[in-house]
Each structure stands twice: as structure tokens, then as C-alpha cells.
1. Residues 103, 89, 82, 3: which one is in contact (Cβ under 8 Å) with a residue 24 or more places away in the chain, in a loop (DSSP other than H, G, I, E, B) and surrounded by 12 or more Cβ atoms within 10 Å (Cβ to Cβ)?
2. Which one is farthest from residue 54 (Cα to Cα), of the residues in the stretch 106-121 that are hydrophobic (A, V, I, L, M, F, W, C) and assigned to a helix (DSSP H, G or I)?
3. Those residues that are in contact with an Asp or Glu (Cβ under 7 Å, 6 or more places away or on another chain) and charged (D, E, K, R), I need them from the stretch 119-168; list them, please.
4. If you scan the stretch 31-53, which residues turn out to be part of a loop (DSSP other than H, G, I, E, B) and over 29 Å from the mean Cα position of the chain (by Cα)?
5. Among the residues of the stretch 11-33, write down those that are exposed (fewer than 14 other Cβ atoms within 10 Å of the Cβ) and closer than 23 Å to residue 189 by Cα.
6. Is there a residue being over 27 Å from residue 211 (Cβ atoms), assigned by TED's automatic domain parsing to the domain that holds residue 220 and of a type in the set (D, E, K, R) anywhere in the stretch 294-315?
7. So which residues in the stretch 189-247 are part of a helix (DSSP H, G or I), among the basic types (Lys, Arg) and in contact (Cβ under 8 Å) with a residue 60 or more places away in the chain, if there are any at all?
Amino acid sequence: MQEVQQVIREDLGKEIPDLFLSFDDTPLGAASLAQVHKAVLHDGRTVAVKVQHPKVQAQSSKDILLMEVLVLAVKQLFPNFEFMWLVDEAKKSLPLELDFLNEGKNAEKVARMLKHFDFLKVPQIYWELSTKRVLLMEFVEGGQVNDRAYMEKNQIDVNEISSHLGKMYSEMIFVNGFVHCDPHPGNVLVRKHPDTGKAEIVLLDHGLYQVLTEEFRLDYCHLWQSLIWTNMERVKEYSQRLGAAELYPLFACMLTARSWDSVKRGISQAPATATEDSEIRGNAASYLPEISQLLNHVPRQMLLILKTNDLLRSIETTLGTRSSASSFLNMSRCCIRALAEHRKRDACSFFRRIQISFSEAFSLWQINLHELLLRVKGLRLVCCISTLLGWLTRAPH
């Protein structure tokens, strides 16, 4: 608390009692860069106060230098170890994460971009009491996104939350090219809206975002479209455009967390099984040199995207909603919209833009129809099973 008081005094020019009616000494959460405390302002507003550890700014440059020395040392011992990109990424991202004013701007930007999602809550930033090392935000309570017990207790549908999460991140990646890159469960909360009672996702910690270039975003759109609709020639083409070269099958497996056989059959055809997951884990160690080589050659933007994919997949696995057809179809919708928007911007005539809009509407209608057929098929299967079970219970023993 002495260090917290010191940072607040240095940055805001006042003592804690002068700024807050109450201030909880015990942090709500603590991490390597900062910790968060619950407090109440003198006007009655309950806030979350994020305070940076005082020595982090000075220590970070030494940490990066030490990381660089260690990675170079390991490289000398193991020539196939290609992880210098870790140092390059740390050099770029750490200064941004240490600037809480940048985090506040990111929070407001993503709130504006995704304001059409009524299920998303981004806490408001209170700029009058925010600095590079202190960030004041609206206090929002909720359970972690991977806490099934909390959702069951509060009657929150895990499938609805998983669908919302997929829509939100697909919109960030494919449509806007501005991606929240740290969706671990502590940064993604769920709650019932206090007024409407609808399920909401609360997105926290906006320090780390990836800004995708237009070329990368469109190539990534094409690649996922090809993976979803099992167009293997285009999977190869767009994987290679993204730096995978002849390792494109491995790249496709890394993106989808599916085996190459599943990718070729169609990732939306069936969810991953425990056997397939075990097979992937078993093969990962033997392919470590190739994985290292691949990570060293893909665009730097891809690295945080891969991290984001893995964190989202972990949440879906915990909720038991991983690799549902619905999530892939939502991704496909965003890809279609993003690619159509790009074509309309490049269109040379009004008639051409109308054509693109009709083609977009038709493609989206096809996806809706496909999703409806999947649901009908699922309902028929449920009805058949129910009928069979009913017959078995009535049948004489």
C-alpha cells in the first residue's frame, strides 16, 4: 500500500483520502505490471483504480535486455531454436502496455467500434483522474468467462456467451482489424445486466491490441473462408501469402487446433474429440523445430493473433462449446462482410457496388440457410433419440 500511495501521490498530486471516500487496501487483482483496487469517489461513484508498480518502468528495459541475452545463449546451444521474435515483440508491446493513457484510448475505441453489440460492456474511463501509471475506470462486477458454476448459479447460458465471444472477436479481427490480444478469463467477465437481465460480456484490460494491416486482414479473411468451406487450394495459397511457405499444413493445424485430416475433411463438419486433442499434443513436441521456423517467418501481426486464438479456444473448451458449427459460421459471416466492404471501396461504378451488395446478401443468406438446416438436422436427431428412448422404456422386458 505504501507503493500504491506513492504512485497516486506522485501522479495525481493528492493523498488517497483527498481523492476517495473509501479505498480497499486489498487488491481485486494483481499482475506483473499493476494491481487493481476498488474505491468510492466523494461523489458516490464506485470505481476500479489500476495502479502501476513503481519500479516497472525502470526495470522493463533491463528485463528485455536479459531476455535478449538468454534467447541468444539458447540459440547458440540449439541452432534450431528460432525465438528472437519474442524479444522483438516485447520491445514493441511492453512500452504500450506501460502507458495507461494508451490503454484508456484503446478501451474507448473498441467501445465505439462495437457499440452495435448490446451484449458488450466496456467500463467507462474517468480521464480526470488518469495518468500513464494510474487508470480510473467504472467498477463492474461479474464472474470469469470460464466459470461455469457462476453462470449456472446466475442462469447465464454458456452457449450464448460462447456465441457472443465468437461474434465479438470475429468482428475485431476480420472487420475492424483492431484486436484485443489478452482475452484470458481474468480480463473477460460475464454478468446479467442489472436493468435488462440479459447476459453481458465485460471486456477489461485494453493495454495490448494488435492493429492489422489491410493486406494481412484480407488475406486472413480469405484463409479462414477457405478453411471453413474446405477449399484446400486456397488454404495453401493464402497460408503461403501469410508466410507459411511449404509448412502450410502445419500452419492450418496451428490456426484451427485440428489435425490435418480434420482440416481436409472440414473443420465445421464435426467438433474436435479427446482422441484428436491427444494426437495433436503428442505430435507438437516432434514438430517443435518446424513450429519455431514457422513462427519466425509469419508476419509479426500473426503472433498475437495466434495467442488470442489459443486463449479463446481454451475458454470454449472449458465451457464445452468448442468448435461448434455456429462459431465457424459466425466467423464466415464476418469474412464475407469484410471482403464485400473492401470490394465496394475499390468498385469503379455504382452498378458494380450494387452487384457486390447482392452477392454479399446472397452469401449471408446461404450461411443462414446452412445454419437452419444444421439446427433442423440436430432437432430431428434429438427427436429420433427421444422416440427411441420412449419406445425402449415402454417395450416389455
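1. On the way: 103 fails: in a loop (DSSP other than H, G, I, E, B); 89 fails: in a loop (DSSP other than H, G, I, E, B); 3 fails: in a loop (DSSP other than H, G, I, E, B).
Unique residue meeting the criteria: 82.
2. First pass over the stretch 106-121, keeping only residues hydrophobic (A, V, I, L, M, F, W, C): 107, 110-111, 113-114, 117, 119-120.
This time we only want the ones that are assigned to a helix (DSSP H, G or I), so: 107, 110-111, 113.
Numbers: 107: 23, 110: 28, 111: 29, 113: 33 Å.
Per the criteria, the residue is 113.
3. Correct list: 121, 132, 133.
4. Filtering the stretch 31-53 for residues part of a loop (DSSP other than H, G, I, E, B) gives 31-33, 42-45, 53.
Result: 42, 43, 44, 45.
5. Of the residues in the stretch 11-33, the ones exposed (fewer than 14 other Cβ atoms within 10 Å of the Cβ) are 13-15, 17-18, 21-22, 24-26, 30-32.
Across the stretch 11-33, the qualifying residues are 24, 25, 26, 30, 31, 32.
6. Within the stretch 294-315, the subset over 27 Å from residue 211 (Cβ atoms) is none.
No - not one qualifying residue is present in the stretch 294-315.
7. Pass one, the stretch 189-247, residues part of a helix (DSSP H, G or I): 214-228, 232-241, 245-247.
In the following step, the residues that additionally are among the basic types (Lys, Arg) were identified as 217, 234, 236, 241.
Passing the criteria: only 217.
Yes/no per residue for (1) surrounded by fewer than 17 Cβ atoms within 10 Å (Cβ to Cβ); (2) not basic (Lys, Arg):
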{"position": "207", "(1), (2)": "no, yes"}
{"position": "224", "(1), (2)": "no, yes"}
{"position": "236", "(1), (2)": "no, no"}
{"position": "244", "(1), (2)": "no, yes"}
{"position": "283", "(1), (2)": "yes, yes"}
{"position": "290", "(1), (2)": "yes, yes"}
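The values are calculated or read from the model by the stated rules, or taken from the named source; none is laboratory data. Note that the structure is a prediction, hence the values are computed from the model and not measured. Ideal geometry is used to build each Cβ from the backbone, glycine not excepted, and the neighbour counts take in all protein chains shown.
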